[in-house]
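Contents: one structure, followed by commentary.
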Amino acid sequence: MESGSVPNFRPSTNAFKFTNAFPPAPTVRIHLGIVGTVGVGNASQGVCGGMAFAVRDYFEADLPPPPDEQPPGSDTALFKFITARLIDSFNAPAGVAQYADWMVLPSGDVNFVLGRRPGTYSRTVRTSWPQVRADIDSGHPSPLGLVTVHTADFRQIGKCHQVLAYGYQVDDDKFVTINVYDPNTDHDSADDVWITFSAANPSKVSPINHNIDIGEPTLHGFFRSSYSFKSPPEVPAMGDAGPG
């Protein structure tokens with residue numbers, strides 16, 4: 001058994017106490033050329049990427065997460081920070097195009113006479129998983145873009161999801177379990193969320209299972225999201241009444 005984890009990181013301690021259940025807010029729309037226009041800023045449709053990025057920001061800044069137990073209001077600094085980080089998490093246009101590309105790709109590799117086009121399963125096992133493991137081994141939570149659907153209907157891109165990986169275990173049969181912070185999961189269950197798959201034979205497709213709070217029972221694949229640190233709004237000290 002091999003294992004690794006980000007020192008001193010646990011979702012129950014380092015992540016938000018509220019879940020990804022925000023009231024409606026103005027939509028930010030990103031124009032992606034031939035892919036079309038995608039709305040990514042309607043908070044009621046989810047801000048999972050913003051929450052995952054913001055949680056890593058607080059951790060990297062060695063700051064505790066805010067004590068809020070309900071999603072912050074749209075006029076607060078925290079809401080504005082999370083929704084700005086949502087936009088960052090999509091890394092447009094390249095990041096959104098990556099979701100679209102993976103949605104269309106088959107799970108299995110496609111073999112040609114002069115080569116092979118990897119499917120989402122081998123890309124997940126051969127490329128994404130080593131990158132995530134390297135992040136964790138270097139002491140950093142790793143943001144993941146989860147592709148949940150296999151379709152050419154790009155309107156379903158909103159079904160994809162984002163989480164933050166912070167630990168892993170690999171057994172002797174190369175069966176991998178990744179521990180993740182899921183913005184959709186209640187705080188009481190936050191430390192028991194996982195993704196599992198076999199890394200024994202990347203060319204042989206097998207299920208990528210999980211217990212993340214999304215509508216799909218398995219994943220079509222996942223990739224490491226492009227992340228850059230941004231300073232989060234600091235949490236007021238206890239007893240700080242603020243401006244009078």
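For residue 181, list long-range residues whose amide hydrogen, built 1.01 Å from N in the peptide plane, is under 5 Å from its own amide hydrogen.
164, 165, 166
Where is the GNM fluctuation largest for the chain (alpha-carbon springs, 10 angstrom cutoff): 92, 52, 190?
Maximum among the listed residues: 92.
Given bins 5 angstrom wide, list per bin the percent of all Cα-Cα distances in region 157-229, short to long.
3, 14, 24, 25, 19, 10, 3, 0
Show that you can apply the helix-only estimate: for the chain, add -39,500 (n - 2.57) for every DSSP H stretch of four or more residues, divide by all residues, and state [θ] at 222 nm to the nearest 500.
Numbers: 6 runs with 55 residues, N = 244.
After summing the helix terms and dividing by the residues of the chain, the value is -6500 deg cm²/dmol.
Taking θ = phi - 60°, what integer Hz values does the Karplus form 6.51 cos²θ - 1.76 cosθ + 1.60 yield along region 6-19, in sequence order, with x for Gly and Pro?
Once rounded to whole Hz, the list reads 6, x, 6, 10, 9, x, 5, 9, 9, 9, 5, 7, 8, 9.
Say the dipole of region 2-224 comes from +1 at the beta carbon of Lys and Arg and -1 at that of Asp and Glu; which of 53, 100, 111 then lies farthest toward its positive end?
111
Just going by the charge dipole of the chain, with Lys and Arg at +1 and Asp and Glu at -1 on Cβ, which of 221, 210, 185 is farthest out on the positive end?
Projecting each Cα onto the dipole axis, the largest value belongs to 221.
Along the charge dipole of the chain, which of 143, 15, 166 sits closest to the positive end, that is, farthest toward it, with unit charges on the beta carbon of Lys, Arg, Asp and Glu (+1, +1, -1, -1)?
Towards the positive end, the residue furthest out is 143.
Give a residue-ordered list of calculated ³J(HN,Hα) values for region 174-190 (Karplus: 6.51 cos²θ - 1.76 cosθ + 1.60, θ = phi - 60°; whole Hz; x for Gly, Pro).
Taking θ as phi minus 60°, the curve returns 6, 8, 9, 10, 10, 8, 9, 8, 10, x, 7, 8, 4, 4, 5, 10, 4 Hz for region 174-190.
Rounded, prolate or oblate for the chain? Axes are the square roots of the Cα gyration tensor eigenvalues, ordered a ≥ b ≥ c, and the cut-off for rounded is a/c under 1.5. Can you show the working numbers first?
Numbers: a/c = 2.21, a/b = 1.39, b/c = 1.59.
It comes out oblate by the Cα gyration axes.
Check the straight Cα-Cα distances from residue 204 and name the lysines below 25 Å, setting aside those fewer than 8 residues away within the same chain.
174
All of the numbers you see were taken from the coordinates with simple rules; none came from a lab. Just so you know, these numbers come straight off a predicted model, no measurement behind them. Note that we place each Cβ from the backbone using ideal geometry, even for glycine, and neighbour counts take in every protein chain shown.
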